[in-house]
Amino acid sequence: MVGLACASLASLARLWHGSAARLNARGASPLFSSGPRRRFTPTARLAALLGVAVGALCVQQALKNALSLRKDALRALSQRGPMGADADRYFAPGLAPYLRYGARYSAAALMGSDERRARRMVAAMEAREQPGGGEGEVAWALTVGSADYEPRALRAALSAVATHSAVRTVLILANSDYVSEEDAGEGAESLGGTTTTTAAGPVKVDLAALAEGRATPGGRVARAVAQTMLTPALRRCLDVRLLEAGSLACPHEGLEGAATRRRYQGTWMRFHLWGLTRFRRLVYIDLDFLVLDRGFDALFSYEMPQGKALGAARFSSGECYAPASWPLSVWRGRWPCAADGALGSFQSLGFFNAGMLVITPDAATHARLLDHAAATHARSVDAAGRWYCVIDQILLYRWFDWAHDAVDYLSPAFNFWPKAGRVLPEPALGAHFIGDLSRKPWSSERSNNGAGGDDSDNAAQALTAAHAAWWRALANAGNETALCHGRSAERPEPESQARAD
């Protein structure tokens with residue numbers, strides 16, 4: 001609402017400027033003029049009164065937000081400690097990066113520079129013959145942390161990649177330290193036996209052997225990926241390389257640690273990707289992410305600005321794009337986006353969502369990132385003396401943004417949150433179905449409501465066009481003709497294990 005109110009104030013200011021110009025043209029004097037007093041037109045008076053009213057609303061909302069922030073800060077300190085996700089934004093060194101990020105986001109939204117840059121990136125990619133222009137191999141990357149995660153999620157994500165991308169190499173990191181809900185039980189003591197194989201790094205496993213059920217090394221997650229999550233068409237049309245690696249999970253025990261581990265199993269594994277130095281660039285996506293357009297391949301070939309080491313889309317609340325009922329398309333995605341930038345980082349939106357990352361593997365960065373994660377967890381204690389886990393997304397923006405200002409912030413068009421009643425951004429390149437499992441596309445299928453129906457029925461009943469695209473991608477996951485584009489990427493797997501790098 002603050003963004004809309006301030007947008008109205010700006011519009012009224014433009015209206016007043018026009019009215020003042022017309023008055024000057026007739027010899028009348030605008031407000032605060034040193035010339036002779038003249039009568040003002042009704043339009044000018046109304047604009048001035050409305051401008052004052054809206055300005056007062058902005059001030060009132062700002063004061064209300066300030067009081068709310070103080071209350072949130074005190075609550076966050078008592079519950080999570082100064083290193084917590086809810087508290088770090090209120091204190092140095094967190095406050096200055098938040099203010100810097102908010103100013104840059106707001107400016108980019110108001111000027112439309114993010115949208116124009118996204119279009120330039122796509123146009124430059126289309127002008128190249130190969131999407132991964134430059135020396136070195138490029139690949140997609142995903143992580144699977146749980147053997148019982150919804151198998152259709154990986155199928156839909158890879159189906160969209162195969163449909164829209166010319167990059168056929170896909171790395172799937174499978175959690176070798178998997179702990180199930182049953183294993184974890186009600187407490188954390190049963191988690192004490194888990195191990196983290198950080199020294200060994202990702203190890204390639206025989207995907208074909210796992211899929212066929214032959215005896216071969218591979219944990220529960222790797223077997224689930226090979227046997228239940230992938231389809232024969234996906235294995236044939238993409239060069240899928242299955243790697244097993246330690247979860248790099250939060251080291252703390254306790255009930256909160258157990259719950260965090262179960263929810264975020266596999267997310268810390270993203271840190272392993274910086275160690276895969278045989279690749280020039282990796283584009284990581286979450287399992288609930290969907291590539292919507294071939295222009296997404298621009299991320300493999302665009303030139304990252306000097307001094308930047310990580311590409312990530314600005315984090316949007318999902319309210320960033322105007323309701324479909326708004327008549328003026330020029331307003332869509334501008335003022336609400338500006339409000340996201342100015343206020344969003346103080347409303348639990350963070351800097352970026354780590355569900356889509358453009359990664360440049362580097363051994364030194366990999367080592368420092370692991371050290372940073374260990375050092376952060378070593379001091380993550382709340383006011384009551386309890387240990388807690390800092391999720392990987394926070395670790396990433398603390399390292400790349402706070403410590404080094406090394407994030408290349410991309411348009412939310414590359415990683416947007418589709419919501420009912422909102423138009424998609426332009427261009428709409430990648431959708432991310434953020435939120436708990438109850439909000440995922442597969443949780444809203446008609447069969448859950450007892451109505452039955454296939455994937456086409458679910459697509460027709462989808463909340464947004466992006467949700468409908470997810471169901472279409474799932475329906476194509478077994479369609480070799482649609483996925484292979486006349487080519488096969490299948491390669492024989494080695495019979496023995498080999499280090500991924």
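The values are calculated or read from the model by the stated rules, or taken from the named source; none is laboratory data. Owing to the predicted nature of the structure, the values given are computational and were not obtained by experimental measurement. Cβ atoms come from the backbone with ideal geometry, glycine included; neighbour counts cover every protein chain shown. Each accessible area value is taken on the protein alone, full model and side chains, heavy atoms only, with ligands, DNA and RNA left out. Shrake-Rupley method; radii C 1.70, N 1.55, O 1.52, S 1.80 Å.
Please verify whether residue 143 is at pLDDT 90 or above, surrounded by fewer than 20 Cβ atoms within 10 Å (Cβ to Cβ) and among the polar types (S, T, N, Q), treating the condition exactly as stated.
Details: at pLDDT 90 or above: yes; surrounded by fewer than 20 Cβ atoms within 10 Å (Cβ to Cβ): no; among the polar types (S, T, N, Q): yes.
No, not satisfied.
How many residues does region 261-293 contain that are within 22 Å of residue 304 (Cα to Cα), open to solvent by less than 10 Å² (accessible area, probe 1.4 Å) and in a loop (DSSP other than H, G, I, E, B)?
Final tally of qualifying residues: 1.
Among the acidic types (Asp, Glu) and at pLDDT 75 or above: is that true of residue 457 in this structure? Talk me through it step by step, then tell me what you get.
On the way: among the acidic types (Asp, Glu): yes; at pLDDT 75 or above: no.
Considered against the rule, which asks whether it is among the acidic types (Asp, Glu) and at pLDDT 75 or above, residue 457 comes out as no.
What's the number of the only condition in (1) surrounded by 14 or more Cβ atoms within 10 Å (Cβ to Cβ); (2) modelled with pLDDT of 85 or more; (3) more than 21 Å from the chain's Cα centre (by Cα); (4) among the aliphatic types (A, V, I, L, M) that residue 162 fails to meet?
Answer for residue 162: the failing condition is (3).
What tally of residues in region 36-62 results from selecting those that are at pLDDT below 65 and either out of contact with any helix residue (DSSP H, G or I) (no Cβ under 6 Å at 6 or more places or on another chain) or hydrophobic (A, V, I, L, M, F, W, C) (or both)? Break it down into steps so the answer makes sense when it comes.
Restricting attention to region 36-62, the residues satisfying the condition of being at pLDDT below 65 are 36-40, 58, 61-62.
Imposing the further condition that a residue be either out of contact with any helix residue (DSSP H, G or I) (no Cβ under 6 Å at 6 or more places or on another chain) or hydrophobic (A, V, I, L, M, F, W, C) (or both) reduces the set to 36-40, 58, 62.
Final tally of qualifying residues: 7.
If you go through region 371-397, how many residues are under 20 Å from residue 352 (Cβ atoms) and at pLDDT 85 or above? Reasoning before the result, please.
Step one: filter region 371-397 for residues under 20 Å from residue 352 (Cβ atoms), giving 372-373, 376, 389-397.
Right, trim to at pLDDT 85 or above and you get 372-373, 392-393, 395-397.
Result for region 371-397: 7.
Which residues, taken from region 426-452, are modelled with pLDDT under 85, over 23 Å from residue 122 (Cβ atoms) and not in a helix (DSSP H, G or I)?
435, 436, 445, 450, 451, 452
For the subset of region 212-223 comprising residues that are touching a helix residue (DSSP H, G or I) at 6+ places or on another chain (Cβ under 8 Å) and surrounded by 21 or more Cβ atoms within 10 Å (Cβ to Cβ), which member is modelled with the highest pLDDT?
The extreme case among them is 222.
For every residue, the table says whether it meets (1) within 30 Å of residue 475 (Cα to Cα); (2) modelled with pLDDT of 65 or more; (3) open to solvent by 10 Å² or more (accessible area, probe 1.4 Å).
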{"residue": "177", "(1), (2), (3)": "no, yes, yes"}
{"residue": "196", "(1), (2), (3)": "no, no, yes"}
{"residue": "225", "(1), (2), (3)": "yes, yes, no"}
{"residue": "232", "(1), (2), (3)": "yes, yes, yes"}
